[in-house]
Ligand SMILES: Nc1ncnc2c1ncn2[C@@H]1O[C@H](COP(=O)(O)OP(=O)(O)OP(=O)(O)O)[C@@H](O)[C@H]1O
Ligand SMILES: Nc1ncnc2c1ncn2[C@@H]1O[C@H](COP(=O)(O)OP(=O)(O)OP(=O)(O)O)[C@@H](O)[C@H]1O
Ligand SMILES: [Mg+2]
Ligand SMILES: [Mg+2]
């Protein structure tokens, strides 16, 4: 896009073992490129201490800014403070840090994903059983990962109102797909009346579907809901195995950072208000932890699955993002 | 003092103690855990054991020969991902098709085995030719192998293997899916090789005293290299089976199976010092671990406690095994 | 044939080869990687080495004595989480305060050491008293230890340790933070113990031939048990340091450090067969791994390839180490 | 030679699973006495020595040492009671040097601030003298034992016992790998040790060695005492016949005699 | 005894780092000849044997075997060329049973569908016979070797070589742990083997054994040949003097002679 780069921005990605994170590297690199910044990504492999070390190293490099998707939310607080003390602006991506000030936060909200999922699951149960009742198998990610715990929190909070819904929660250790497959295989035998399976990431849905298929189920026999909107999830919707994918607006989240990058790098003030981010409406507010732009997640169903705005369709928007003036 | 006949009986039990422990544990779970006692659950246990059991074959052979291989987990994932990328229809899969369709079974199998054997050969090169420490060489391969999975897939998943492959995970023979039978047959075949052929005998000798074996004219280097290749190929086979069961592959597929394989190998009676072990015992060890995992899946435990309980159960399982020693001492 | 003086010089280099490799690697990175050559980066390397270095102390001692301990990583996380829960102010922390404030330093340190020593003692009980295999006992502890962290914290993190503790991570002496000095001093202290005291000598003897040591009247069981407790306590210390650096603890804190510790121990020249090794070499191994990791951080490689490259670099580092053997054979 | 028995074995038995390695061995000896323990391969000599030295638990029988009935549960206890042992399968740590092996478990230390610190020079000097006295040449005391020849290894093990005195010395084929000169010096040393009132049990297959050094010969055959004779009153041929069993009937009552001595 | 030399060693040297274990050893021998290799502890006897048997690489010198100049890079090659070795530090796998050790590397197999399958019974029968012939009693051939006595172990190692024939046999202190009767049978066996035209090199520290069996004696002293004499033309005293070095001057030119024989 631009002849001369305005500088380098480091993106601290928590892991590359799930498709959302992989996609985020591509999207952030693209959008930041649109507004004139080079992006280098560092993968922390889901290790908080590794990410802390990476932050320390990057601070020594004095980049234009750091984008942080923390492995463990607030645990990165000391490094965020160190970076800002060194004059390097820090933008928070996807995983909100509220314990300390940062220069811009762009999130859909992990608890909110749980809310959206709960709404959709209530609808699906009602369609199937006539009322919001039945049995739901919730396959969590790793029980030591707050990301999955937040989704669980949001989901269960909203489901409290429906005592007729039994929720069985089992963790897929280390987010490993075949663990999820085994849980589904075992539970479908122990509880043949399971109506719906809710997995916390689309790559877990792959193994869950394989287990359902091996158990002789046909698409739709057991409902399936997943979160994060990865490409495999959308494929499963097209094939009828999955009913709903709760999408995290990856593109918009990334684009929002790019739109304000110049202002953040130049330490200018961000004006609260509503902004159009790739067609989604983002709300920028000033919170205790600094400017915060929130982008609403969406439910993907068979009806809208082909919409190119979903990152899972992997059509990174062609039109360049423009800096907010 | 015990009569010879009773002693023989006790010896038989002790020699196959893992199997007896397995039976006891299954009985306890069947009584204590609701829904545990049903053929479907037992079939699930056998099915879930498939991958670790297949991994454990090569690992056991290497440990018996006095080496080890930490790379097998990553090699399995790599083979699964290669199969996934080539033959799966969605995600990162490019969905190759063959004519006739069934050709995909041997083709994908050969590819998976080749991927595994290749990494095994690389490990062998460093360990046997360059005399590097097997632990560190295979640790490096564990890291770069998983790295290669991520690099190849870009962190994404491959999904939907064609039915010509998938039937191996769906069709059942005596209520176990075909993939489980593959691992059972492989275990039996290698158990035969270990116990009844010169190759197996030489592995035991090398594990017991490599210098003595070398002096006796056994080609220690060649045998060691072959065993690394076998371990790699078996990991490739495990990957092939895992891909078929998952109907594709994800970037973190099989994470944590290395530790399970090690635990199974030790529970199964293979000495980490080398020179001692049997593959049927190892298979029982795998089943034991899978039984525990299944019980945890079925018990209404809060998610946060599963790992705690898993660790405790492994300890108890091995504790039972050590009872063996004291019985042997006292009764014989 | 080489002159005795030149041979002595070569021996010196070879005996400390890890340090020379480290120097070479640092020099190469300094030239090749932009921004690598600055005191801040070297300080980062030392700081990042703190935890693995501390873990490696106990691991090395146990390996030298012919055992191993897989639980250290989880023990470290457990100690960190206990400290985090007790003293951190937000998250799952309950924010205990002491009067005077500085008392928190010894209090939290003693708690962390005690947590570690306790797990170490439990490992020792199973291994020494019940004669269970150390690998499997500590593997179980690795699983239940991490499980306990998850259970205690509910998977959440504790944040914000009070400044009275945090200053150890912030204040610097000779440009290294104080926590790094703690691990350096601990390494030197145990290096002294290993090389110059009967305790260390007996560990080497046990690792070389436990039966001979036993016959010579050395209390092998007692020494082994003590070493397990030391390994646990050192893991506790590592957890304390890690909590201070993190300013709290997360449920997955330190995942993967076990492998790093093993790699460092092997690169540092400790034989996994027991009976051979020095702690200063191990510290160099830790620094070497951290240097590689830092170089990868600074090189700006595509993130998908980092793991691949990391694995390759570990291999190369050890490859250099094996050059030692052939040099020794040829030149001396 | 004192009159009180130093060691009394009474009906010692040992089973390894189905195998009865010792079927009731009884004999006794005094301090300053050198007893040659003879017998065919697999007769049970080493097993007996390991039982006396605390390395193996006996299955049955009584053992009286230095006037008290005892039962050592570890070599450390036997050592503490003054029993030194040279094992047939050498007990050396090949991963450390000659000095470390020589002082295994009894290192010379100096305390600094209460911390015991190894005194390498002092230990090296002692080792050098002992090895030289034994007539053995070792290239460097700082080489790891894995690089030494079979005889050099045995010399280390054989000579370290002299240094620690004790009351009873058990030597299980201590000269098997030693050269002519080293063996000669070893035999002399045994005589010197016995002259100090220390009891010595030596196992050997070479009759000339046994006849040169022993006051008495105890022959074990298939786990039982097949002969217990004074050296002066027997001949090599007779002893060999006892060992191989051809003369089993020629020494009736030997076991009885031994037991009587034991109880006395 | 053939006239062609079976083995010619010419100036063999071996360094271990700074240590010169062999400083140029030369001698030769014929098939059917029994050569006793004598020398003090650490003289270099075992090192020489390992060089001949392919277990160690020589630092210098030439070796001619069976008419061809050779350089074995592994024991397997030496074995293939007909050289059998019994090592001083036993080469047994204690984790397997007697039969497995006896047949180590040369198991009896039967092929089914091309797959070689171990014939345990056949191997057991052969082992039983060999062990019985050697006069050794072993409780069960199916016990792991770790449970055997020192002499029983040595018997396995010593007797398995007979089974494989070959052209040259190297025995490094093969009787060190054997009983009286077992040693006698071992010596007989060596004579029988030599009578078949096989060359034998035997290392021992016991003069009587050397004199009973050897045609010639080669004495190594500090890595050099210090004497090379026909048994008939020497005495035990003279040989001991060569070993300890007191008679070093009494056998001038021995090395020269050996070399001449070697080249012939
Ligand atoms: N691997 C090695 N490294 C260093 N030195 C060695 C090595 N092997 C042998 N030596 C040395 O070489 C010399 C000769 O050893 P060798 O084993 O040949 O002696 P030997 O004549 O067989 O003695 P013995 O009668 O005691 O068996 C010894 O001084 C020994 O220490
Ligand atoms: N741990 C064990 N388990 C089983 N059998 C054993 C064990 N130790 C020794 N034996 C058996 O006990 C018998 C006596 O062995 P021991 O070692 O005492 O013989 P020895 O008289 O010392 O013979 P050698 O002269 O060959 O050294 C042998 O038959 C041996 O096989
Ligand atoms: Mg013995
Ligand atoms: Mg020798």
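For q = 0.13 Å⁻¹, what log10 I(q)/I(0) does chain C give under the Debye formula with an equal point scatterer on each alpha carbon and no solvent? Evaluating at q = 0.13 Å⁻¹ gives log10 I(q)/I(0) of -1.01.
Counts of other chain beta carbons within 10 angstrom of each beta carbon in peptide A:206-217 average 6.
Over region C:4-331, Cα pairs under 8 Å with separation of 6+ residues give a relative contact order of 34 percent. Between copies, the label points at residue B:221 (set 7 angstrom from Cα along Cα-to-Cβ) are spaced 4.5 nm, reported in nanometres from shortest to longest. Could you work out the percent of alpha carbon pairs in region D:126-195 separated by over 20 Å, rounded to a whole number? The answer is 24 percent, as a whole percent. With the gyration tensor restricted to C-alpha atoms of region E:40-136, the semi-axes of the equivalent ellipsoid amount to 31, 19, 12 Å, longest first.
When the Gaussian network model of chain E links Cα atoms closer than 10 Å, the mean-square fluctuations of E:21, E:125, E:81 top out at E:125.
Once Rg and the Kirkwood radius are both taken over the C-alpha atoms of region A:194-325, their ratio Rg/Rh works out to 1.10.
Cβ crowding within 10 Å ranks E:40, E:172 as E:172, E:40, fewest other Cβ atoms first. Peptide E:172-185 shows a mean partner chain C-beta count of 5 within 10 Å per residue C-beta. All Cα-Cα distances of the protein assembly as shown, cut into 20 Å bins from zero to the largest, leave 9, 32, 33, 18, 7, 1 percent in each bin in turn. Between identical copies, the spacing of residue B:105 label points, each set 7 Å from Cα toward the C-beta atom, reads 7.0 nm from nearest to farthest.
Copy-to-copy label distances for residue E:128, where each label lies 7 Å from Cα along Cα-to-Cβ, are 5.9 nm in order of increasing length.
Rounded to the nearest Å, what's the spacing between the alpha carbon centres of region A:162-216 and region A:280-325? Just the number, please. That distance is 29 Å.
Plainly put, chain E has a radius of gyration that is 0.99 times its Kirkwood radius, both from alpha-carbon atoms, as the Rg/Rh ratio.
Put in order of Cβ neighbour count within 10 Å, fewest first, the listed residues B:240, B:181 become B:181, B:240. Calculated on the alpha-carbon coordinates, the convex hull of region B:124-250 measures out at 127 cubic angstrom per residue. Going from the residue with the fewest nearby Cβ atoms within 10 Å to the one with the most, D:30, E:58 rank D:30, E:58. Normalised by 2.2 N^0.38 Å, where N is the number of residues, the C-alpha radius of gyration of chain A stands at 1.01. Placing dummy labels 7 Å off each Cα toward the beta-carbon, the span from residue B:121 to residue C:20 is 3.5 nm.
Set the Förster radius R0 to 60 Å, insert the Cβ-Cβ distance between residue D:89 and residue C:166 as r into 1/(1 + (r/R0)^6), and round the FRET efficiency to 0.05.
0.55
The chain D residue nearest the rotation axis shared with chain E, using its Cβ and rounding the distance to whole Å, is D:176, 2.
Coordinate-derived values only; no laboratory data. Since the model is a prediction, treat every value here as computed from it, not as a measurement. Glycine also receives a Cβ, built like all others from the backbone with ideal geometry; neighbour counts cover every protein chain displayed.
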